Amino acid sequence: MMYEFKIQNMTCGHCASTVEKAIKTADPEASASIDLAGRTARVETKNDPAVVSAAIEKAGYPSSFRQI
């Protein structure tokens with residue numbers, strides 16, 4: 001399934017890298033595309049998106065998601 005995550009406080013390349021690592025921690029097989037300017041991440045995952053969102057939040061970036 002494909003989800004779009006809105007990510008607060010993601011303002012630089014280091015932030016985007018941290019978010020991508022958090023996504024991969026939650027699901028090593030996930031495919032992620034980070035849009036720094038839009039403060040979003042498109043993630044294809046078979047896992048529960050709430051688990052991915054929790055990992056992003058644990059890394060310090062509050063997020064919300066929707067299926068696309």
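The values are calculated or read from the model by the stated rules, or taken from the named source; none is laboratory data. These figures come from a predicted structure and were not determined experimentally. Positions of Cβ are generated from backbone atoms using ideal geometry, with glycine treated the same way; all protein chains shown enter the neighbour counts. Surface areas here come from the heavy atoms of the whole protein model, side chains and all, with no ligands, DNA or RNA. Shrake-Rupley method; radii C 1.70, N 1.55, O 1.52, S 1.80 Å.
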Query raised in the report: Is it the case that the stretch 14-29 has a residue that's crowded, with 18+ Cβ neighbours inside 10 Å and part of a strand (DSSP E or B)?
Result: no
**Report entry** Of the criteria (1) free of Cβ contacts under 8 Å to residues at least 12 places away in the same chain; (2) touching a strand residue (DSSP E or B) at 6+ places or on another chain (Cβ under 9 Å), which one Asp27 fails
**Finding:** (1)
Query raised in the report: Among the residues of the stretch 35-57, is there at least one that is closer than 11 Å to Tyr3 by Cβ, assigned to a loop (DSSP other than H, G, I, E, B), among the acidic types (Asp, Glu) and open to solvent by 30 Å² or more (accessible area, probe 1.4 Å)?
Result: yes
Query raised in the report: Which one is farthest from Ser53 (Cα to Cα), of the residues in the stretch 1-13 that are in a strand (DSSP E or B) and open to solvent by 20 Å² or more (accessible area, probe 1.4 Å)?
Result: Met2
**Report entry** Selection from the stretch 59-68 of residues that are exposed (fewer than 14 other Cβ atoms within 10 Å of the Cβ) and under 13 Å from Cys15 (Cα atoms)
**Finding:** Gly60, Pro62
